[in-house]
Amino acid sequence: MEKLSNRLLSWASIIDEKTLDQARTASGMPFIHPHLALMPDAHLGKGATVGSVIPTLGAIMPAAVGVDIGCGMIAVRTQFTKAQLRGRDLGVLREQIERAIPLSAGRDNRKIVATAEPRVAELEELAGRNEFDPARYAGHWRNQLGSLGSGNHFIEVSVDETDAVWMFLHSGSRGVGNKIATHHIGVAQRLAKQWWIDLPDPDLAYLVEGTEEFRRYIRELRWAQHFALLNREEMMDRVTRQLSETMSTDVEELERINCHHNFTESEKHFGKQVWVSRKGAIQADAGRPGLIPGSMGTASYVVSGLGNALSLNSSPHGAGREYSRSAARRTFTHDQLREAMVGIEFRDTDAFIDEIPQAYKPIDRVMEDAGELVEIRHTLRQLVNVKGD
């Protein structure tokens, strides 16, 4: 850990100056308490750095939570072993998963399937209790439940160091969460202009605790966080069905972990009750299970938190980008992507060049930097990778 100032601590050994400048700016906001914590995977984001933990007194900056509210990971350990998968057609398994789950931005379910019905009902009831209609943001939000999205979101079948088979996926609150976040970022920016608040960056606009705008944001934020959690559960049910068909026997779930890495919670740190916004970071209280994915083609990790107080009980959420998407496309080739994915069943298309492992920080270096934050329980290696364009 490096103390960059009284209000900025960093666990990142690989970090560029633009990201540091962005973090320094955010850490200077008057309501930060006691400091902003940069995770090992920190990289440039919108307003606030991705891979940062931002504790605030009496205010929240919606852009510091991120536009994919509740984005996170879910993993399930099964009874199967790598040896039992030998001889199975993993290409067929990948295609079955791709048919069962809508992939890519803007792709939704054509109908609400049986497993999704109780989850949709739960979200409808939660929205009613929070006095808002999600259809104001996305009329088809119900059909978004159980869809993956694109970018760095993925579904994988992996094996750990004992050759146990895991199902592993990464997604969030989809279009409805994005619309909710974008709306409240706009509200915060409008209020800043209305009250002549001079901000170092418009995306650091904030909502003040006790106001109606703050209360509405928290209600809708929590709904979107729950949507993201149920979205991952719905997709995991579908992956489970496809793996069961491939193995000709039902999956036995031996362990399940479902955690956010774009979210806000009220927590007590350094003697104060603060709002902790983790933008690309997971909660890592002592003993808490968590998930830290690498990039496509590299290892992912099942971890246990160490409860590091200076990190505000947090840890990284992944590898963290070193190249922007456009820079990755200029730098790397389809052949390099194929080389990086040797031995992994994936959809071989140049649409994924911007997700090539070399576009990310080395995950082993990130995990080394995180040695004070989490303990590694399992190391996962992909056998099957599913992504949206």
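Could you check which residue among 296, 29, 73 shows the biggest mean-square fluctuation in a GNM of the chain with a 10 Å Cα cutoff?
Ranking 296, 29, 73 by mean-square fluctuation puts 29 first.
Taking region 137-211, how much of its Cα-Cα pair set, in percent, is spaced more than 19 angstrom apart?
I get 58 percent for the Cα pairs in region 137-211 exceeding 19 Å.
Once you have the alpha carbon radius of gyration of the chain, what is it after dividing by 2.2 N^0.38 Å, with N set to its residue count?
Here the answer is 0.96, to two decimals.
Along the charge dipole of the chain, which of 63, 385, 239 sits closest to the positive end, that is, farthest toward it, with unit charges on the beta carbon of Lys, Arg, Asp and Glu (+1, +1, -1, -1)?
63
Among 348, 203, 68, which one shows the highest mean-square fluctuation when the chain is modelled as a Gaussian network with alpha-carbon springs under 10 Å?
Comparing 348, 203, 68 in a Gaussian network model of the chain, the most mobile one is 348.
Given an 8 Å cut-off on Cα distances and at least 6 residues of separation, report the relative contact order of region 5-153 as a percent.
For region 5-153, the relative contact order is 17 percent.
Identify all lysines with a Cα-Cα distance to residue 268 below 25 Å; exclude those on the same chain that are fewer than 8 residues away in sequence.
3, 279
Test of understanding: in a Gaussian network model of the chain with alpha carbons linked when under 10 Å, which of 289, 30, 62 would top the mean-square fluctuation ranking?
With Cα springs under 10 Å in the chain, the top fluctuation among 289, 30, 62 is at 30.
At a Förster radius of 51 Å, what calculated FRET efficiency corresponds to the Cβ-Cβ distance of residue 3 and residue 249, to the nearest 0.05?
That pair, residue 3 with residue 249, gives E of 0.45.
Cα centroids of region 228-306 and region 88-120: how far apart, whole angstrom?
Centre-to-centre (Cα) distance: 20 Å.
Can you give the charge dipole size of the chain about its Cα centre, rounded to the nearest 20 debye, using +1 on the beta carbon of Lys and Arg and -1 on the beta carbon of Asp and Glu?
Dipole about the Cα centre, nearest 20: 720 debye.
Using 1/(1 + (r/R0)^6) with R0 = 30 angstrom and r between the beta carbons of residue 163 and residue 108, what's the FRET efficiency to the nearest 0.05?
According to the calculation, E is roughly 0.25.
Suppose R0 equals 51 Å. What FRET efficiency, 1/(1 + (r/R0)^6) with r the Cβ-Cβ distance, do residue 342 and residue 309 give to the nearest 0.05?
0.75
For a label point 7 Å from the Cα of residue 219 along Cα→C-beta, name the residues of region 165-179 whose backbone N is under 20 Å from it.
From region 165-179, the list is 176-179.
If the reach is capped at under 18 angstrom between alpha carbons, list the aspartates and glutamates near residue 82, excluding any in the same chain fewer than eight residues apart.
156, 160, 161, 163, 245, 250, 252, 253, 255, 345
When only C-alpha pairs under 8 Å and at least 6 residues apart count, what is the relative contact order of region 189-310, in percent?
Once divided by the residue count of region 189-310, the mean separation gives 13 percent.
With a point put 7 Å past each Cα toward its Cβ, work out how far residue 95 is from residue 376 in nm, to one decimal.
3.6 nm
When only C-alpha pairs under 8 Å and at least 6 residues apart count, what is the relative contact order of the chain, in percent?
24 percent
Between region 330-389 and region 18-79, how many Å separate their Cα centres?
Going from one Cα centre to the other spans 22 Å.
With a 1.4 Å probe and all protein chains left in place, how much accessible area per residue does the chain have, in Å²?
For the chain, the per-residue accessible area is 40 Å².
Given a 1.4 Å probe and every protein chain left where it sits, what share in percent of the accessible area of the chain is carbon and sulfur?
Carbon with sulfur: 48 percent of the solvent-accessible area.
The values are calculated or read from the model by the stated rules, or taken from the named source; none is laboratory data. Note that this is a predicted model, so its numbers are computed, not measured. With ideal geometry, Cβ positions are generated from the backbone for all residues, glycine too; neighbour counts draw on all protein chains shown. Side chains are part of the model used for accessible areas, which takes the heavy atoms of the whole protein and leaves out ligands, DNA and RNA. Shrake-Rupley method; radii C 1.70, N 1.55, O 1.52, S 1.80 Å.
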